[in-house]
Structures are given as C-alpha cells and as structure tokens.
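These notes concern the structure reproduced below.
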Amino acid sequence: MAKDALVSENLANKFATEKDSPYTRWVAAEGLDIIAAHYVPNLRTVELKPWDRRGGRGVFINHEATRTSNDCYVCEIPAGGKLAPQRQLFEEMILVLDGHGSTKVWNDAGAEVTFEWQPGSLFAIPLNANHQHFNGSGRQAARFVSSTNLPPVLNLYDDVEFVFGTAKDFPNRFNGEPDYFAPNGEQKGLLLDTNFVADAVNLPLIEAKERGAGGGHIRFAMAKGSMNSHISQFPTATYKKGHRHGPGAHVIILSGEGYSLMWPEGEEPQRYEWGPGTLIVPPNMWFHQHFNTGTEPGRYLAFKHEVVSVRNAQGVPKAWISMRIGGDQIDYADESGYVRETFREALAKHGMQPQMEAAYEAELATLPPAPERAVTV
C-alpha cells in the first residue's frame, strides 16, 4: 500500500497555493506562527510570540490534515495582566495549563458572569459572547490551550470584522445565567452536559470497557456548541485498543507517562513519548494507540470537532466498534505481535510487567467472530 498517498514534489507544487486560506492569512496577520505538527512534547514550554492584539503571547498548532476542521492554540497571559476583550462567531473550548485567574463573560443585553479557574480547569466560551481573561497572579504568567472551529468559519466568510465584530447575542447559548459556569451538570450516559469543569485531572469518570484496559471515560457537551470533547483514563501497565477516526482530535495528556503509536493503514507505527502537557493530533484516519508505562493512571483530554466521529446507523462512533464487524477499532485479539512486544520492552526498562491479561480475557466474552482474514496492524 502507498505510504500515506504521498506524491512527487512536482504534483504537490501544483496544489501548493491551495494550502493558503483566509484562516492562514489571518494567523500571519496576527504575527503568530502555525506549528504544522501532530506532536508537541510539552504545551507548557512550547515557544510563543507576542500577540499584540490580545495583549499576551501565543502560537497556533494546526496540522495540515485538520486545518479546515478546527484548530488549536496556546496563549499566555502576562503576570498581573489580562487579555483584551473579544467576541467571536465561532466556538472555543479551553483547558488551563498553568496559573490561576478569572474570566468575565457578558452579552450586549448587559448580563455578566465572572468565574475563577486554576490548572486543570476546563470550560467553553459561548458563541459570540464577549469575554475577557484575567491573570490572578502578579508574579507568574498563566497559560491555556484552546481548540476552536475558527478555520471553517473564517474560510467561509473571509471577513475578519464580521467574525470578530458582529454585535449579535445568542440567548439560547448564553443569556447571563448566574450559574452558567457552575461546576455541575447533568449526566446523560457517558455525556456530561456542563459548561465548566473545575479540575479535569481529578474528575470522576464512568467505566468504558469497550475501549479496553478497564479504563474510564466521560464526554462533554459545553456551551450548547457543536464541538465536543472527552476525557479517558487507563491504569498503569495497560494500554487502550488501537483505533482510527476523522480529523480534528487534539489529545492533551493530563497525567501519567507513556507513549502512543500512530500509523496510516499499511505503514509501520511511529512512536511518540508523552507526559503531562504533551499534545498528540492523530491525522485523518490514522490508527493510533495509547500505552501507559508510568506508575499512575494515564489520563488525557481530547478536544474534537464532530467530523472526528464517523458513526454507524445507531449513532455509535465507529472508533468504538470492532473492525471485525465494520468498525474502526482493532481488537486485542487481532493486534500485531509488535504491539505487545514493544509494550513489554518499554515496561521492562522501569522494572514493570504488563497488566493486560484481564483485559485480554474480558474481550473474549464480546469478541465478534473472526472474518475469513483477521485484521492486523
């Protein structure tokens, strides 16, 4: 099979100008860079540039494979400082990486809500609501990572003033409710309907054995938006099932140590080491698999655009469904020997052994019959 369908430079150059877009031009006009990578070792130390319009520092992280679905950026608020007020006709989800502070959200009708945040806080900005972020420390900068669906919106309208300067309230999204950013919500199956999570690192999760390794999972619907996110966790010396999905998932490690394998179908897996603050962005329909080699549970947050979730007729993401019946998840029984041997070797360096036998055994109870030719990595 072709190596991720890469072609000659001659053919690629014929389409080079089509990579330019209103979105990429806007980022350049902001004076910022786009890191075109699907792996950033540490968001807390990634290099930032002055962001004059907002009054902080920032960088965008946007792999070519996801550039038209959603994006990601890291922003720093200076010590004792604040960012400029902003409103925007796109959605945004934020994870606080470092620092303590507050955010004020208000609409044109005069309703206003202010809430405080800390490292690990997770929240969403309501569509086109005015908002402003404040650093609560006079000595240390605060830093957050955000995912937005700005690229398709700006590419559609190609009008910066319209996207950032339209005076329009959406009261069904935000109407100044005093408890809008209260740390609570309604649990609907795996989905938590909330606008604020005080501490994503320690939030209780729900059992999700379908993804393997005895892990926990929770999904979020925030600010009544079309974007979504989820947190997954799995025990030490275990790993999740390999799977693939559409573009736009920005996976941020919250706790633990380990590595991930990523590969397009037909290629050898590439390995990426991770710890708290690492960002991994699986390209479109690349298989990927996460392995915990540390001494504590591995937990990650995934910011996503709905295009990620290729679903079956029942609305179930195919990334949760066995490839034996047409899904996009590789059963433990069908993974290559390379996966298990690499994991065993990685743990041995820390004097540890895999704790996967229970997961392998549990899978057998629901494992679909093998097709004539089993799927392998």
(request) State whether one or more residues within region 156-169 are in contact with a helix residue (DSSP H, G or I) (Cβ under 7 Å, 6 or more places away or on another chain), at pLDDT 95 or above and either crowded, with 22+ Cβ neighbours inside 10 Å or of a type in the set (A, V, I, L, M) (or both). (result) yes
(message) Given the criteria surrounded by fewer than 19 Cβ atoms within 10 Å (Cβ to Cβ) and among the hydroxyl-bearing types (Ser, Thr, Tyr), does Thr295 qualify?
(response) yes
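Out of everything in region 242-261 that is under 24 Å from Asn284 (Cβ atoms) and open to solvent by 20 Å² or more (accessible area, probe 1.4 Å), what residue ends up being modelled with the lowest pLDDT?
Looking at residues that are under 24 Å from Asn284 (Cβ atoms) and open to solvent by 20 Å² or more (accessible area, probe 1.4 Å), I get Pro247.
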(request) Return the residue satisfying two criteria in turn: it lies in region 310-338 and is more than 30 Å from Leu191 (Cβ to Cβ) and assigned to a helix (DSSP H, G or I), and of such residues it is least open to solvent (accessible area, probe 1.4 Å). (result) Gly337
(message) Could you check region 262-305 and list, in sequence order, the residues that are among the aliphatic types (A, V, I, L, M) and under 20 Å from Glu341 (Cβ atoms)?
(response) Met262
(message) Would you confirm whether or not region 66-79 contains a residue that is over 25 Å from Ala167 (Cα atoms), in contact with a Cys (Cβ under 7 Å, 6 or more places away or on another chain) and in contact (Cβ under 8 Å) with a residue 12 or more places away in the chain?
(response) no
(message) Return the residues of region 199-212 that are modelled with pLDDT under 90 and open to solvent by less than 10 Å² (accessible area, probe 1.4 Å); say none if nothing qualifies.
(response) Ala208, Gly212
(message) Can you find a residue that is open to solvent by less than 10 Å² (accessible area, probe 1.4 Å) and closer than 23 Å to Gly214 by Cα anywhere in region 262-274?
(response) yes
(request) Select from region 45-56 the residues that are under 23 Å from Tyr300 (Cβ atoms) and surrounded by 15 or more Cβ atoms within 10 Å (Cβ to Cβ) and list them in ascending order. (result) Val46, Leu48
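The values are calculated or read from the model by the stated rules, or taken from the named source; none is laboratory data. It should be emphasised that the depicted structure is a prediction, and the values quoted were computed from it without experimental measurement. Every residue, glycine among them, receives a Cβ derived from its backbone with ideal geometry; neighbour counts consider all protein chains shown. Accessible surface is based on the protein model in full, side chains and every heavy atom, while ligands, DNA and RNA are left aside. Shrake-Rupley method; radii C 1.70, N 1.55, O 1.52, S 1.80 Å.
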